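Take this structure, written in structure tokens, and hold onto it; I'll ask about it next.
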Amino acid sequence: MDRTDAKGDVTTGSPTPSGASVAEGVRLLDGMPRQRGPAETLSARPVAPEAAAPGRRVLRPWHLLPTPTATPFTFTFVAVLLVTAFAAEHADPALVHALHQGSSTDVSHLMRTPVFVLAASALWVVGGVTSPYAVVLLLVLTALERRIGGLRTAVVFALGHVLATLATEVPVGLAVLVGWLPASSLHRLDYGVSFGVAAGVGALAGLLRPWLGWPLLLVFGGTLVQDLIAYTDPMTNWGHVTALAIGVATWPWVRRWRRA
């Protein structure tokens, strides 16, 4: 049977085409779609985003909250804070004040039982579970632990809590020693999770995409600067700024931990 080729010539079909005619046909059909083979068809099928990029995270709403399996440190820590917040809300005020005083990281306690008060002071949330720092702690520590693990998240929190506490209380002790502050400043009530939370925010900002990390850092840092300018509690406010800077200083480590 005869058929017309791409040039308009008439060719006669043959059951056994020669090599030259096959090559000519391939050359003429270079610009036409080619039928895929079975292997190519399988490989060309669309794949789910998780399969195409196994290292990429898919954000789901429940990832914002801690769970006992995925974020055990944050889950346990939040559970403890709920217990202490409930006790602070419903226990006898005199007992609560005594507990706060015994957990305070003031200069007097830091000189006598530093390890105990540094640990105990991080078990209270100033203002209860509805305070802004409680909400930020829940979200930030969960996000941080999902990226670097529970132990490393605890290290970041502890660094901010301990170093910022020492950075604020040591100057108080020195000021009392030289007579710039009264001796009562050695017993200044100081407890709460805010220093550790600020460090967590600083560390997390270095792990997020720039369009999200930098706004988080600027908004949170701007709030701390406003509190510092208001001068209502300058010692604590300086501690928050210091803790945020400590969190930012951990960027090289937290980024390495995330890759690991």
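Suppose we take every Cα in the stretch 94-159 and form the convex hull; what volume per residue is that in Å³? Mind dumping the intermediate values first?
Numbers: hull volume 6.4 nm³, N = 66.
Given the Cα convex hull of the stretch 94-159, per-residue volume reads 96 Å³.
Taking the simple approach of a point 7 Å from Cα along Cα-to-Cβ for both ASP92 and TRP214, what is their distance in nm?
5.6
For the stretch 155-260, what percent of Cα pairs sit more than 15 Å apart?
64
None of the figures in this text is laboratory data; all of them are computed from the coordinates on show. Predicted, not measured: the structure shown is a model, and the values here were computed from it. Please note: Cβ atoms are built from the backbone with ideal geometry, for glycine as well, and neighbour counts cover all protein chains shown.
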